[in-house]
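A short worksheet on the structure shown next.
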Amino acid sequence: MPTLSLRRYLYQRYWRWISHYLDKRQPAADKVVLTQKLIFILPSRYGCWFMLLTALLYLLGTNYQNNLILLLSYLMLSLFLLCIVLTYQNMSGLTLQCPRAAEFFCDAPGVATIALSSAKSHFMLQLNFIDQDALTLEQQVDAAALTIQQSVRGCYPLPRLKISSSYPFGLWRSWSYISLQQQYWVYPTPIAGQQQQFSNDDSKSTAEHKTTAPSVDSLAPYRSGDSLRYLLWKRLARDPFNPVIRQQQHSSEAEPDWVEVPAVSGDALERALSIACQQLLGLEQSGNRYGLKIAGTTIAQSNGPAHLQRCLQELALC
């Protein structure tokens, strides 16, 4: 345990120093093009063993004056140096950007879409956010979906994106840490529950009024099988050959709902936000108009994806 703690502490200090250096070298931008100053190249582990083998073959050929072994060592050295250029070319010129902010709920993996574009082809690319799972692309694609793990609600800047490659022979490894000027939203985890939806004193009467939606009466000709309780007997007495019935049509305009988050704190606030999140999702799915009252902020009644997004963002920032 102490060893793991020390390793984690050293890693945090190292990454803090690297982040400070990278912020000066490449500040956050909407679109980043990989150029020479953003690409780092070092020999891979396999490349180090390859170079050691080359040195041993050179010493062996020199000691025994064997021209074939010397020629093989020169060929291996040439291939080793050529791979520097090939590995750099595989990364150079690639353009990355994040067109829209990612949105997901707490304790669930989110997905951020990274758009890739270039005038040439790129192969064997690995992309991942810092401390997140990596995605390997055998060939360049137009967009890559990268996962983000976050268990605390809120709005966060997009972490630095690491892109690396060992193409073509794995002797060298090139990588780059880029910062995209984008953010991602983490909403409360929706859970089922009951909480107060109306804040005024006559909320009970409003709820009762909602349960009985207004109706509009209309007349229709009588058809075989219709209930006789809706038959207009007085009109039938005047015109016995054209019986009509009364139809009740409920108004399609439902009363708007209010979702209110009480003024609490701590675990009670997190539970209230989760219940409110579930209610907003249910109201949006049902197609009703709804509003939100939270922490002195009132969002007027409406519906649609944009309205739902605004309400969920208010829950995330509460």
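Computed from the coordinates by the stated procedures, all read-outs in this text should not be read as laboratory data. Keep in mind that what you see is a predicted model, and the values were worked out from it rather than measured. Cβ sites come from the backbone with ideal geometry, for glycine too, and all protein chains shown count toward neighbours.
Taken over region 6-113, the alpha-carbon convex hull comes to 184 cubic angstrom per residue. Above 32 Å, the calculated P(r) of the chain contains 57 percent of its Cα-Cα pairs.
Local charge sum around residue 185 (other residues, Cβ-Cβ under 9 Å, Lys/Arg +1, Asp/Glu -1)? Value of the local net charge: 0.
Between residue 150 and 107, 108, 110, the built amide H atoms are under 5 Å apart, and every one of these is 5 or more places off in sequence or on another chain. Derived value for region 23-187: Kirkwood hydrodynamic radius 17.8 Å. Basis is the mean of 1/r over every pair of different alpha-carbon atoms.
About its Cα centre, the chain has a charge dipole of approximately 760 debye under the convention of +1 per Lys or Arg Cβ and -1 per Asp or Glu Cβ, with nothing else charged. Counting Lys and Arg as +1 and Asp and Glu as -1 over every other residue whose Cβ lies under 14 Å from the Cβ of residue 15, the net charge comes to +4. With a cut-off of 14 Å between beta carbons, the residues surrounding residue 129 carry a summed charge of 0, where Lys and Arg count +1 and Asp and Glu -1. By definition, a body whose alpha carbon gyration tensor gives a ≥ b ≥ c is prolate when a/c is 1.5 or more and a/b is larger than b/c, and region 262-318 fits this prolate description. Listed by Cβ neighbour count within 10 Å, with the fewest neighbours leading, 180, 52, 70 appear as 52, 70, 180. Kirkwood radius and radius of gyration were both taken over the C-alpha atoms of region 102-181, and their ratio Rg/Rh is 1.00. Anything in the chain that counts as a DSSP H helix reaching 27 Å or more along its axis (C-alpha) with Kyte-Doolittle mean of at least 1.0? List them, would you? Going by DSSP H runs, the hits are 67-91.
With a ≥ b ≥ c the root eigenvalues of the C-alpha gyration tensor of region 1-68, is it rounded (a/c under 1.5), prolate (a/b larger than b/c) or oblate? Because a/c hits 1.5 or more and a/b fails to exceed b/c, region 1-68 counts as oblate.
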